[in-house]
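The values are calculated or read from the model by the stated rules, or taken from the named source; none is laboratory data. Worth saying up front: this structure is predicted, and the values here are computed from it rather than measured. Quick reminder, even Gly has a Cβ in these numbers, built from the backbone with ideal geometry, and neighbours come from all protein chains shown. Areas reflect the complete protein model, heavy atoms only, side chains present, ligands, DNA and RNA absent. Shrake-Rupley method; radii C 1.70, N 1.55, O 1.52, S 1.80 Å.
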Amino acid sequence: MDITDRVPRAVTADDLDQADVVILMKPGLALPSTPRGEVLEWSFPNPETWDAEAVRPLREAVSEKIQTTLLAR
């Protein structure tokens, strides 16, 4: 999937109000409001300074967590 045209943005209170599940990938992260839905905290290493090849295993770990935690419900 090509996401090169995507630009990250901050989560808004409206986003949190519409979400059924909010996943915090950085535990303790401050949010702009209280989420309406379920809140899950997952801890992964911070890939901010990693290159694309180093991020691939993290991407796969996140995908696996989604499969086993959310989609298996």
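Stretch R6-R36 to full length: gain in nm at 0.36 nm per residue minus the Cα-Cα span?
Fully extending the segment from R6 to R36 adds 8.2 nm.
Between the helical axis of 52-65 and the dominant principal axis of the chain, each derived from Cα atoms, what acute angle in degrees is found, rounded to the nearest 10?
With rounding to tens, the tilt is 40 degrees.
With all protein chains present, how much of the accessible area of the chain (probe radius 1.4 Å) comes from carbon and sulfur, to the nearest whole percent?
54 percent
What nm distance separates the two modelled labels at F44 and K26, each placed 7 Å from Cα along Cα→Cβ?
So the label points at F44 and K26 sit 1.4 nm apart.
From the list [x] 22, 17, 13; [y] 33, 10, 7; [z] 46, 21, 8, can you say which value of semi-axes √(5λ) of the Cα gyration tensor in Å was derived from the structure given?
Comparing each candidate, only [x] matches the computed number.
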